[in-house]
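Colleague: Got a structure for you, written out below as C-alpha cells; questions coming shortly.
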Amino acid sequence: MSNTIAGLLGGVIGALISALAMFLGPLAHQRQIARQERARADREATQVQLQRVARARTAIRAWYGFLSRALSDLEAGRALDAERFLAQSDAMKNEARAASDELLGGGLWIGSNQFGAFEQVTELLRAHHTGNVGADGRALLVEEDLGGGVARRWQRELHGSRASLNESLLSYVERLQDRPVEVIGTGATVRSRRA
C-alpha cells in the first residue's frame, strides 16, 4: 500500500508542479515582454528628446549666427534693412522658442532669461532702428545709433549666452544617454572640458 500512496503522492505533486509551471511560465514570459516593451519605449522617448535637443541647438545656432552677422555688419559700417532684420530675427526667435518649448516633453525647459543676450541684442536693435532712412525710404540700422563700439561688446555677450546654452543642453544629453558626450577631434568629453 505504501507504494500505492507514494505513487499517488508523486502523481499529485507532479500535477501540481505541472500546473504551477503552466501558470508561472506564461506569467514570467509576459513580465519579460512587458520589461522589453518598457525598455523599447524608454529608448524611443530618449531618441525623441535627443531630436528635440538637436532642433533647439540648431535654432539657437541659426539665431546666433544671424545676430552675430548683423552685429559684424554694423561694426563694419554696413547698415541693415531694419524691417527685414526684425522680421528675420523674430522668425528665428520664434523658432528657438518653439524648439525650447518642445523640450518640456522630456522635462527640460529653456527659460526666457536663459536666452540672455539673444533677446537683449534683438530688442536693442529693435529699439534703435527709427533714426536712419535709406535712399529707398526704408528704415536702417546703423552702428552709430547704438553709441559706437556696442556691436563688439554684444558679440561677446552673444557668444557667452550661446556657450552657456550649449553647455546646459549637452549636460542634459549626457544625462539622457547616461554616458559622456565626446567632443569630435579632441578625444575629450564635454564633462572633462568643463573641469
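The values are calculated or read from the model by the stated rules, or taken from the named source; none is laboratory data. What you see is a predicted model; the values in this text were computed from it and never measured. Please note: Cβ atoms are built from the backbone with ideal geometry, for glycine as well, and neighbour counts cover all protein chains shown. Heads up: the accessible areas ignore ligands, DNA and RNA and are worked out on the full protein's heavy atoms, side chains in. Shrake-Rupley method; radii C 1.70, N 1.55, O 1.52, S 1.80 Å.
Colleague: State whether one or more residues within the stretch 15-23 are surrounded by 10 or more Cβ atoms within 10 Å (Cβ to Cβ) and either of a type in the set (Val, Ile, Thr) or under 21 Å from Ser164 (Cβ atoms) (or both).
Modeller: Within the stretch 15-23, one or more residues are surrounded by 10 or more Cβ atoms within 10 Å (Cβ to Cβ) and either of a type in the set (Val, Ile, Thr) or under 21 Å from Ser164 (Cβ atoms) (or both).
Colleague: Just the residues that are in a helix (DSSP H, G or I) and either more than 16 Å from Leu124 (Cα to Cα) or open to solvent by 40 Å² or more (accessible area, probe 1.4 Å) (or both), please, taken from the stretch 73-92.
Modeller: Across the stretch 73-92, the qualifying residues are Asp73, Glu75, Glu83, Arg84, Ala87, Gln88, Asp90, Ala91, Met92.
Colleague: Among the residues of the stretch 93-107 satisfying the criterion of being open to solvent by 60 Å² or more (accessible area, probe 1.4 Å) and assigned to a helix (DSSP H, G or I), which is modelled with the lowest pLDDT?
Modeller: The selected residue is Gly105.
Colleague: Determine whether Asn3 is open to solvent by 70 Å² or more (accessible area, probe 1.4 Å), closer than 30 Å to Arg126 by Cα and in a helix (DSSP H, G or I).
Modeller: The answer is no for Asn3.
Colleague: Quick check, is Ile110 exposed (fewer than 15 other Cβ atoms within 10 Å of the Cβ), at pLDDT 75 or above, under 23 Å from Thr58 (Cα atoms) and of a type in the set (A, V, I, L, M, F, W, C)?
Modeller: no
Colleague: Moving on to the next point. Scan the stretch 46-65 for residues that are over 15 Å from Glu167 (Cα atoms) and without any contact (Cβ under 8 Å) to a residue 12 or more places away in the chain and jot them down.
Modeller: Those that are over 15 Å from Glu167 (Cα atoms) and without any contact (Cβ under 8 Å) to a residue 12 or more places away in the chain: Gln47, Gln51, Gly65.
Colleague: Going by what's in this entry, would Ser68 be described as in contact (Cβ under 8 Å) with a residue 60 or more places away in the chain and open to solvent by less than 40 Å² (accessible area, probe 1.4 Å)?
Modeller: Taking the combined requirement at face value, the residue satisfies it.
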